[in-house]
Amino acid sequence: MTTRELYHSVGLSTSDITKIDDPTFVWVIAAFAKSADEPAAAFSDFDCALNLVKRVKHL
């Protein structure tokens, strides 16, 4: 699986991928939330966010 394929497999759009190196962008992951008012994880570092998503999706 290529890096781009991995990014797409976790739900990133092409537009999202362009933000990976943007230090002002915050990645929010609601992996365990069942509704919008439940907590989400927020990361300013893309690699940290991706690691959580990979663990949740068992990639």
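Structure data summary
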item: Spin-label model distance (nm) - Ala30 vs Ser44, 7 Å beyond Cα toward Cβ; result: 2.4
item: Per-residue [θ]222 nm for the chain (sum of -39500 (n - 2.57) over DSSP H runs n ≥ 4, rounded to 500); result: -10000 deg cm²/dmol
item: With every protein chain in place, the chain: carbon and sulfur % of accessible area (1.4 Å); result: 55
item: His58, His8, reordered so the largest accessible area comes first (probe 1.4 Å); result: His58, His8
item: Spin-label pair Lys19/Arg4, simplified geometry with 7 Å Cα→Cβ offset, distance in nm; result: 2.0
item: Structure-derived Cα Rg over 2.2 N^0.38 Å - corresponding label in (i) 1.12; (ii) 1.66; (iii) 2.09; result: (i)
item: Order of exposure, largest accessible area first, which applies to Arg4, Arg55 with probe 1.4 Å; result: Arg55, Arg4
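The values are calculated or read from the model by the stated rules, or taken from the named source; none is laboratory data. Please read all numbers here as calculations on a predicted model, not as lab measurements. Neighbour counts run over all protein chains shown; Cβ positions are idealised from the backbone, glycine included. To get the accessible areas, we keep the full protein, side chains included, count just its heavy atoms, and leave off ligands, DNA and RNA. Shrake-Rupley method; radii C 1.70, N 1.55, O 1.52, S 1.80 Å.
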